[in-house]
Every structure is written in C-alpha cells, then in structure tokens.
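Colleague: Take a look at the following structure, please.
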Amino acid sequence: MNVLEALQAINSRFGPSGQERRVAEKIRALAEPYADEVHTDVMGNLIVHKKGAGARVMLCAHMDSIGFMVTHLEDSGLLRVGAVGGVEPGDVLGTPVRFANGVLGALQQEEGLEEGKKREMGQLFVDIGAVDAADARARVQVGDMAVYHTPTYLSGRSIFGPYLDDRVCCVALLMALERVQNSPNDLYFVFTTQEEVGLRGAQTAAFAIDPDYAVVADVTDCGDLPGSGHTCSARQGGGAAIKVMDRSVICHPQMVELLRDLAKEGKIRHQMDVMDCGGTDGGAIHKSRAGVVTGGVSIPCRYTHTPQESVALSDVTDCAALLAALVQKELPPIERVGG
Ligand SMILES: [Zn+2]
C-alpha cells in the first residue's frame, strides 16, 4: 500500500465527527480484500474482522475529523459557525473550507478586532460568496458541517495535510491488516467515529467486541518544535511512539512492555510517548466492561488540528510495522470472573 496515495484517497472524503460514512466507504474498499467480515454498527464504526482462534485483539484508529457547524446565517449571507471538536480559532483564519455538498468558502474574522488577542469562534465567519441570507440558505443550512479544504502532499521526509489526525493511522492500520497471515489471535481492526468529540464510537465498539487486548493508533503531539518545552515526549522521525500515558489513559504496563519488546525484536525504530494534553480512544476502551488491557502506538504529528498537520513518512511505516508485529504475536486470553 502506498502511504501517500491511500492517505490522499481517504482524506479527499468528507468526514467530520458524526458524518464519517464517506470515509468509511473508502476504507471498507481498501480493507475488504484482506478481511473475513466487514460491518458498520449503529454509531458508524467500521469493524473489520480477521478471524482467529485465540485472544480477541482490537486495533483502532478514528476516521472522524474536527470541523465546523453552521449556527446562524447573517443577513449579509455570511455564516456563523461553531467548532466540532478541538478547534483553536487563531489557527484557522484564512483557511478554505468545504461542505458535504461541495460548497466552498473561507474562514475569516470580524473587522476591528484587537491585534494580538486570543480569538473566539464567535468572532469568526465563513464567506461562501453569498449575496444575502436567502442566497446562502439555498446552498447551506444551519446544522451543516464544513471541513478544511487544504491539500495533502509530500515534502522532504514529511507528509503535510489536514486531518492526518487520524487518517494517517487509518492507513497504518490498513498496512498492518495487509500483512496479517494466519494470526493466532481473533483480530478486529476498528475504524471509529466521533473520537474528536469524546471517544464516542470507540465506547460502543469496545462494548460490542469485548476484546482481551486493545491497541489504539493515533497521532501524538511533538515535543521537538521551538518553544514546545517538555510537555510531550515524541519527536518527528523518531519512530513508532509507544504510548505510556495521555490525559485519557494510563496504558496497561503489560501492553507497554509487550510493544517495546516487539519493537526491539523486530528492530523497529521506536520511542516512548507521554503526552500531557489530549486523549485517545484508549480512554474509552480501557474502561469498557470489566476493563481491557490497552496500549497505544502513536505517530508524532506537528501542528495537530491546524489546516496543515505534518508527520514523517518513516514514522507511519514504523507504526504499521509495530502494529503488524503485535497482531501476529500469540497472546493469552484474559481470565474473566465467572469463566
Ligand atoms: Zn486523533
């Protein structure tokens, strides 16, 4: 699988939280040749099953992106929007956006705002070139969502694009799936929904699958940029980042150790991932039912949630290699109360 091509194919699909269907369709098409069963649940999660006799192992990456929802149409035809997921208003000024029906526009801010002050979503609007409210309403309704309309491309060692969080990990999961041959484990590759608004898809998927083990693939913040201090440990190009902790989960020591051992054995470049902000689907999964032995493999990402995120291509292949090593490793089923 060509990383950039697969990513561009997935990223060209519209898929903010709650509206991931188009992204799921593309991933389904890429996964089906390697799967025993594929289905979509009520929440929209895409669940790809690769049958095996042993422990149930759930790998997951989220399909949804952050976005913007129309809250109000001004008389002038400008649109007011609210954030869907974690948007920093100051990061998005001048960004082109598109709606599900293909309508294009640009995010801009009100005139006369004080320089250097933090921006609020309420000070932003989307200009879709409408003459007035009626013209705007003919093309976009209150409740419609928009996403960044920016390119996905390779420059030097890195991929740049919107929504690498978490489409790049969807690609890593597909790469791992492609490599599975007769795994001793019962494997579920889960492409989840609504992570950006509170790990919602992962919660129901974990309940339904009831896994013994789970590994979450997501991006992690980079600590290697000027001024970033030491609030997160990962650096771009440093290899698969084995998660120890973020704000949503303290990974099970058994899984941290296992992933580290597998990386060493397979000579896969790796680093440890500690992130003092944000969370992942692991936050919901590890607390599902009676608890799940949960870990994470992360791809270090710069400028997360901005219109142009960036990851090193080598980190994507390292992450895929580690996920593939994990699913091939025979894991003992977890003893459950009551047998
Ligand atoms: Zn994410």
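Colleague: Roughly speaking, what is the centre-to-centre gap between region 1-66 and region 121-187 when only Cα atoms are used, to the nearest Å?
Modeller: That distance is 14 Å.
Colleague: What relative contact order, as a whole-number percentage, does the chain give when Cα pairs under 8 Å and 6 or more residues apart are counted? The partial results should precede the final answer.
Modeller: Numbers: 839 pairs, mean separation 77.5, N = 339.
Here the relative contact order equals 23 percent.
Colleague: How much space per residue, in cubic angstrom, does the convex hull of the C-alpha atoms of region 92-134 take up? Walk me through the numbers before you get to the answer.
Modeller: Working: hull volume 4.1 nm³, N = 43.
Per residue, the Cα convex hull of region 92-134 comes to 96 Å³.
Colleague: Could you please report the charge total around GLN254, scoring K, R as +1 and D, E as -1 over all other residues with beta-carbon less than 14 angstrom from its beta-carbon? Walk me through the numbers before you get to the answer.
Modeller: Values: positive: LYS243, ARG260, LYS329; negative: ASP212, GLU257, ASP261, GLU335.
Result for the local shell: -1.
Colleague: How far is it, in nm, from the label point at HIS49 to the one at ASP36 when both lie 7 Å from their Cα along the line to the Cβ?
Modeller: Label-label distance for HIS49 and ASP36, simple model: 0.8 nm.
Colleague: So, one more: Work through the residues other than PRO333 whose Cβ is under 12 Å from its Cβ and net out their charges, Lys, Arg +1 and Asp, Glu -1.
Modeller: Numbers: positive: ARG56, ARG336; negative: ASP186, ASP210, ASP212, GLU330, GLU335.
My count for the surroundings of PRO333 gives -3.
Colleague: State the dimensionless ratio Rg/Rh of region 1-88 (Rg: radius of gyration of Cα atoms; Rh: Kirkwood radius).
Modeller: Details: Rg = 17.1 Å, Rh = 15.5 Å.
Rounded to two decimals, Rg/Rh equals 1.11.
Colleague: Using 7 Å Cα-to-Cβ label points, what is the SER155/GLU120 separation (nm, one decimal)?
Modeller: Between SER155 and GLU120, the label points sit 3.4 nm apart.
Colleague: A further question follows. Using the 2.2 N^0.38 Å rule of thumb for compact globular proteins, work out how the chain stacks up: its C-alpha Rg over that value, please.
Modeller: 1.01
Colleague: How much net charge surrounds ASP315 when only the other residues with a Cβ under 10 Å from the Cβ of ASP315 are counted, with Lys and Arg +1 and Asp and Glu -1? Display every interim value, and only then the final one.
Modeller: On the way: positive: ARG157, ARG235, ARG269; negative: ASP318.
Residues near ASP315 contribute +2 overall.
Colleague: Based on the Cβ-Cβ distance from ARG98 to GLU178, what FRET efficiency comes out when R0 is 30 Å, to the nearest 0.05? It would help to have the intermediate numbers written out before the result.
Modeller: Numbers: r = 30 Å, r/R0 = 1.01.
The calculated FRET efficiency here is 0.50.
Colleague: Something else: In Å, what Kirkwood hydrodynamic radius results for region 164-208 from the alpha-carbon pair distances? Mind showing how you got there, number by number?
Modeller: Values: mean 1/r = 0.0839 Å⁻¹.
About 11.9 Å, per the Kirkwood formula over Cα pairs.
Colleague: OK, next. HIS72 label point, 7 Å along Cα→Cβ, cut-off 13 Å on backbone N: hits in region 111-142?
Modeller: It comes to 121-126, nothing else.
Colleague: Which one, LEU225, ILE66, ALA24, is farthest towards the positive end of the dipole of the chain when Lys and Arg carry +1 and Asp and Glu -1 on their Cβ?
Modeller: ALA24
Colleague: Helix 21-31 against the longest principal axis of the chain: what's the angle in degrees, Cα atoms only, rounded to the nearest 10?
Modeller: With both axes taken from Cα atoms, the answer is about 30 degrees.
Colleague: Moving on. Could you give me the percent of Cα pairs per 5 Å distance bin for region 264-314, shortest bin first, beginning at zero and ending with the bin that holds the maximum distance?
Modeller: Percent of pairs per bin, in order: 4, 13, 19, 21, 18, 14, 8, 2.
Colleague: Where does helix 313-328 land angle-wise versus the long Cα axis of the chain, in degrees 0 to 90, nearest 10?
Modeller: So the inclination is approximately 40 degrees.
Colleague: Moving on. For the ranges 275-281, 113-119, 247-253, what's the packing order if you count other beta-carbon atoms within 10 Å of each residue, average per peptide, and put the highest first?
Modeller: Working: 275-281: 21.3, 113-119: 8.6, 247-253: 17.3.
Descending mean neighbour count gives 275-281, 247-253, 113-119.
Colleague: Please give the residues of region 230-248, grouped as numeric ranges, whose backbone N is less than 12 Å from a label point set 7 Å along the Cα-to-Cβ vector of MET272.
Modeller: The answer is 233-234, 242-245.
Colleague: Counting DSSP beta bridges in the chain, what percent are antiparallel, to the nearest 5?
Modeller: On the way: 40 of 67 bridges.
Around 60 percent of the beta bridges assigned by DSSP in the chain are antiparallel ones.
Colleague: Please report the equivalent ellipsoid semi-axes of region 222-339, computed as sqrt(5 x eigenvalue) of the Cα gyration tensor, largest first, in whole Å.
Modeller: Details: eigenvalues 138, 64, 25 Å².
Sorted largest first and rounded, they come to 26, 18, 11 Å.
Colleague: How big, in percent, is the set of alpha carbon pairs in region 24-182 lying more than 22 Å apart?
Modeller: Numbers: 6896 of 12561 pairs.
Here the tail beyond 22 Å accounts for 55 percent of pairs.
Colleague: Using the Cα centre of the chain as the reference point, and only Cβ charges (+1 on K/R, -1 on D/E), how large is the resulting charge dipole? Debye, rounded to the nearest 20.
Modeller: Details: 31 positive and 44 negative charges, 160 e Å.
It comes to approximately 760 debye.
Colleague: Taking the alpha-carbon set of region 67-148, what are its Rg and Dmax in Å?
Modeller: According to the Cα coordinates of region 67-148, Rg and Dmax are 11.9, 36 Å.
Colleague: Volume per residue, Å³, of the convex hull around the alpha-carbon atoms of region 131-278? Spell out each step's value before the answer.
Modeller: Values: hull volume 29.2 nm³, N = 148.
So the per-residue Cα hull volume is 197 Å³.
Colleague: Could you work out how far helix 200-209 tilts from the main Cα principal axis of the chain, as a 0 to 90 degree angle to the nearest 10?
Modeller: 30
Quick note: the coordinates plus some simple rules give every number you see, no bench work behind them. These figures come from a predicted structure and were not determined experimentally. For neighbour counting, all protein chains shown are included, and Cβ atoms are generated from backbone atoms with ideal geometry for every residue, glycine included.
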